[in-house]
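This report refers to the structure that appears directly beneath it.
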Amino acid sequence: MKSLRLLFFLPSLFFICLSIHLITASVTLTESVKADIQSNLFINGLGQALDDPWLHHSALRFYFRKILAENAGKSIWANSNMFARALWNQYQYVGTIEIMLVVAHAEDNPQEELYWATLYSKVLPRNKHAQALLEHALHGHALGEPLEVEGKW
Amino acid sequence: MNRVIQTYNLNQTITLSIWCLFFITPFLSPNIFQAPTAVGLMAFSTALFAAGWMSISPKYDAYIPPWAWLFLLLYLFPTAILLLQGNVNSPWQALKQCIYLTAAWLIYAMATPQASSLLKSPYWAALLAIIAHLYVIYALLQSFDLHFLMPDKDALFLVWFDQKSYYSGPFMQRNMQALFLLISIVFLWLHMIKHQYRWSWGAATIVPICGLLLTASRSGILILLIAAIIIFLLSKDKPTYALSVIWPIVLAWLIYSWILIFPSTESTLPNLVERVESTGVLPRILVWTMSLQIFFTHPWLGVGWGNLPAHDMEGIIMALDTYPTLANIASTMPFAHVWSHNIILQFLVEGGVFGATAIAVVLIVLFKQGWQCLIKKKYTDEGEIYAWLMSFIILTHGMVSISVMQPFFMALLALSLAACFSPIHEKS
């Protein structure tokens, strides 16, 4: 019967394993996002993190920060639509609206762009940047103007 | 008999040592992107280990009252249904939050045999006092922009470098630092009464009170006053109690004022008076309104545990449609609201009517227990009063803060509830 008492330590053991897994996987992700976006290290590291339920959300945010910092091309942004939607479904705030806006801009989809710019200005009604984004969606995009984002993701 | 006493003392020493490790976990926050999650998991690991150790008490059996089972059922039911329906925006967040609460519930269930004797022990109060001093010293060091051992990027732990969050302690959050200090101060006051107002217990509160003032946490200071009044009503020698509480507060205030004089603290110190006078409650009102609006659209099962940030925008838009005057505040809050800053609203919005019933069950039994202990003076030992006050402080703080939804305080709440509601059952 005494050995049965050890069962009381199983939940703790489970959480210790989770902690170790999270820390090691997170360190691997941090290392891989330092690499070039076209490199195997980046692609494999990010792919593993996206498949990991504990790191999925962080990996998505790392990904968008990285492609913004590296000034990734239009095609990379346009192909990131699925990731952007996944992030939006988990975490709704002006940062994710901005990501959706950039993706819509890269896809050359003015209707989507107007939708997200309107949402942004509804959520931050007195914000100057919100007005600038709406102005871009209404007129600037058609004139071929670049999209200015704050990028605080 | 001697052997039984020796075994019991050794048992309690090991229990205290494991809880000591638990209190150190915020210092072990690793320098990774997911640091809050990692430190939460570490806190649960140690608290579950401590509770596991407490469950193998040689003297008592674990006892889980029916309402605790009802709470777990009501908590898990709505999200289980939503997950089965595939109707959760972020299923992993829902599952993660369910794992967290189940862990807290297990801490509660496993800690019942020894929780009451642990919380009434003077060694527990002494441990809290030592840890509180450690937290305050660290919070003071934060204000000097110290990069403790190495540059930010190479640091192994977050606490080794400055987080630009002054006086927030190892939690990196001033309200949570205030809550921990509050708990330690209250335990010291309770032991001061028990030990014939010995001055050493009062003296041990000076640094924690000073640390609490440095956080400028409005909720922390308000709850400290409420707790002081409750203990005043409990004390038999009221004038001596008042004196024993007031002199450390005066001394702590003098030290706090002396720290204020330093020019380096001018820019970093959150001014308590300014914080009290400011309109800082408006962001809370926006978040509460937003949460209520989301609840009205998902009344029965809620949006799923941990899924409030996945519904933020619909909530904000509805809140601004209803109260356009909140637009100014909304424009200054460009981040996701992960928490409702109110435990009842958090349970309402994420668990719907079922979740709200779950938290209502806890609050009702806690109120009933408080009535029995404080008003009717019916209790089996003082451990129940200590535990009730600790639960009361954590839950009251949770009415305006995110603290109670964090693993560290979830574990402490589970421990205090275990001590509060578990009549001791001698082993047959």
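Points to keep in mind about this one:
- Residue within segment B:340-351 that is of a type in the set (D, E, K, R) and at pLDDT 95 or above present: yes
- Some residue of segment A:84-104 being of a type in the set (Phe, Trp, Tyr), open to solvent by 60 Å² or more (accessible area, probe 1.4 Å) and either over 9 Å from the mean Cα position of the chain (by Cα) or away from chain B (no Cβ under 14 Å) (or both): no
- Filtering segment A:113-126 to residues that are open to solvent by 30 Å² or more (accessible area, probe 1.4 Å) and either polar (S, T, N, Q) or touching a residue at least 24 places away in the same chain (Cβ under 8 Å) (or both) leaves A:Leu114, A:Thr118.
- Residues in segment B:218-227 that are farther than 21 Å from B:Ile130 by Cα and of a type in the set (Gly, Ala, Ser): B:Ser219 only.
- Every condition in (1) more than 9 Å from chain B (Cβ to nearest Cβ); (2) of a type in the set (Ser, Thr, Tyr); (3) open to solvent by 20 Å² or more (accessible area, probe 1.4 Å) is met by A:Thr30 except one, and the failing one is (1).
- Matching residues in segment B:351-364 - criterion: being in contact with a helix residue (DSSP H, G or I) (Cβ under 6 Å, 6 or more places away or on another chain) and within 16 Å of B:Leu301 (Cβ to Cβ): B:Gly351, B:Gly352, B:Phe354, B:Gly355, B:Ala356, B:Thr357, B:Ala358, B:Ile359
- Every listed requirement among (1) at the interface with another protein chain (Cβ under 9 Å from one of its Cβ atoms); (2) at pLDDT below 95; (3) in a helix (DSSP H, G or I); (4) closer than 30 Å to A:Leu55 by Cβ is met by B:Ile32 save one, (3).
- Qualifying positions in segment A:60-80 - more than 9 Å from chain B (Cβ to nearest Cβ) and either under 9 Å from the mean Cα position of the chain (by Cα) or not in a helix (DSSP H, G or I) (or both): A:Leu60, A:Tyr63, A:Phe64, A:Arg65, A:Glu70, A:Asn71, A:Ala72, A:Gly73, A:Asn79, A:Ser80
- Hey, B:Val338 surrounded by 21 or more Cβ atoms within 10 Å (Cβ to Cβ) and of a type in the set (Val, Ile, Thr) or not: no
- B:Ile226 being in contact (Cβ under 8 Å) with a residue 12 or more places away in the chain and open to solvent by 20 Å² or more (accessible area, probe 1.4 Å): yes
- Any chance A:Asn109 is free of Cβ contacts under 8 Å to residues at least 12 places away in the same chain and more than 8 Å from chain B (Cβ to nearest Cβ): yes
- Conditions (1) touching a residue at least 24 places away in the same chain (Cβ under 8 Å); (2) closer than 26 Å to A:Gln92 by Cα; (3) open to solvent by 40 Å² or more (accessible area, probe 1.4 Å): number failed by A:Ala78: (3)
- Among the residues of segment B:352-364, the ones that are open to solvent by less than 30 Å² (accessible area, probe 1.4 Å) and under 18 Å from B:Ala414 (Cβ atoms) come to 5 in all.
The values are calculated or read from the model by the stated rules, or taken from the named source; none is laboratory data. Because the structure is a prediction, the values reported are computed rather than measured. For neighbour counting, all protein chains shown are included, and Cβ atoms are generated from backbone atoms with ideal geometry for every residue, glycine included. Keep in mind that these areas ignore ligands, DNA and RNA; they rest on the heavy atoms of the full protein, side chains included. Shrake-Rupley method; radii C 1.70, N 1.55, O 1.52, S 1.80 Å.
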